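Every number in this text was worked out from the coordinates using simple rules, so none of it is lab data. It should be emphasised that the depicted structure is a prediction, and the values quoted were computed from it without experimental measurement. Glycine also receives a Cβ, built like all others from the backbone with ideal geometry; neighbour counts cover every protein chain displayed.
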Amino acid sequence: MDRGGREVYAGTTPAAVQLKSGAGFFQRAKYTIKFTKAGFATQTIPLEANVNGWYFGNLFFGGWIGMLIVDPATGAMYRIPQKDVQVALAQTTAFDLNPTAPTGLRIVSLDEVPATVRTLMVKVQP
């Protein structure tokens, strides 16, 4: 999500997403990245643009027009320092087979059952 709370991208990982470094005139971009997976705790990572060091090169090359108008308007005065974002999701201890229909039956793969719940399982003989 961006600083206005709008969803910028939703998909599965791995993914490459281009984000704008500017959010308006003299306003840097701020994002919140949210990683979710069933059976795992949600991870939220803040991502914020910083002032680009080359922005001050306008003093020598771009002049005041570049420094006060062009770069702030285009977002070129900011950069997002993180090129890659990675998180390790931790399995949750709670395991809800089907939160939308708690009285129903849902068959799941053993891989979807957290290890802490697997130790409590009892094999049923036919």
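Here the simple spin-label model places points 7 Å from the Cα toward Cβ, and for Val70 and Phe40 these points are separated by 4.4 nm. Between Ala90 and Val122, the modelled label-to-label distance comes to 3.1 nm, taking each label 7 Å out from Cα in the direction of the beta carbon. Between Leu110 and Lys30, the FRET efficiency estimated from the beta carbon spacing at R0 = 35 angstrom works out to 0.30.
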